[in-house]
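Quick notes on the structure that follows.
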Ligand SMILES: CC(C)(COP(=O)(O)OP(=O)(O)OC[C@H]1O[C@@H](n2cnc3c(N)ncnc32)[C@H](O)[C@@H]1OP(=O)(O)O)[C@@H](O)C(=O)NCCC(=O)NCCS
């Protein structure tokens, strides 16, 4: 259920600090700024804005004929309000303008993330043991454009 009304739009440089905070608190990586530089060169870098504050982001790319969800995160205070779904839906709409299939990887333990992907129609198509540097496996998901 959508509990709050957010605006999803393209990232712009003034959003940097907001995204950095969400990235840090969501993934706890010391090199969060490098990830944001990487996001900024992808085909789609979207943010969700609520009352002028960045509360989430989603990143996607197009590689030949395949779209990819690179990353998505929502400010912890605003999770379970439909913001992730809203961001992902907008990202998928954008990617499906260019491709018929979208793929992604997700940590096997990341229940919120893979539940969100399944909620939007993604189906698990594979599993890669030890995919992540810490040894955790990845579930591979795929979604085809409805014809
Ligand atoms: C994954 C994430 C982006 C979801 O964002 P969100 O705004 O909380 O998600 P939504 O409120 O839009 O939830 C949509 C659906 O996803 C599923 N879902 C979301 N969080 C869930 C949880 N904690 N447990 C189970 N299912 C969950 C539900 O099906 C939910 O629908 P419902 O609320 O109607 O049951 C958020 O949990 C997050 O930022 N996690 C940390 C970053 C991360 O792991 N990103 C993904 C890897 S790149």
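The values are calculated or read from the model by the stated rules, or taken from the named source; none is laboratory data. This one's a predicted model, so the numbers in the text were calculated from it and none came from an experiment. No Cβ is skipped: glycine too gets one built from the backbone with ideal geometry, and neighbour counts run over all protein chains shown.
For segment 100-111: of the residues being assigned to a loop (DSSP other than H, G, I, E, B), out of contact with any helix residue (DSSP H, G or I) (no Cβ under 9 Å at 6 or more places or on another chain) and free of Cβ contacts under 8 Å to residues at least 40 places away in the same chain, which is surrounded by the most Cβ atoms within 10 Å (Cβ to Cβ)? Among those residues, the one meeting the criterion is 110. The condition of being more than 12 Å from the ligand (Cβ to nearest atom) and modelled with pLDDT of 95 or more does not hold for residue 64.
Would you please name the residue that is modelled with the lowest pLDDT, looking only at residues in segment 122-147 that are outside any strand (DSSP E or B) and exposed (fewer than 12 other Cβ atoms within 10 Å of the Cβ)? Ranking the candidates gives 147 first. Residue selection: residue 120 satisfies the criterion of being touching a helix residue (DSSP H, G or I) at 6+ places or on another chain (Cβ under 7 Å) and more than 15 Å from residue 70 (Cα to Cα).
Residues considered: 114, 44. Of these, the only one that is without any contact (Cβ under 8 Å) to a residue 40 or more places away in the chain, surrounded by 15 or more Cβ atoms within 10 Å (Cβ to Cβ) and either more than 9 Å from the ligand (Cβ to nearest atom) or over 24 Å from residue 15 (Cβ atoms) (or both) is 114.
Here is the figure for segment 81-99: residues that are near the ligand (Cβ under 8 Å from one of its atoms) and touching a residue at least 40 places away in the same chain (Cβ under 8 Å) total 6.
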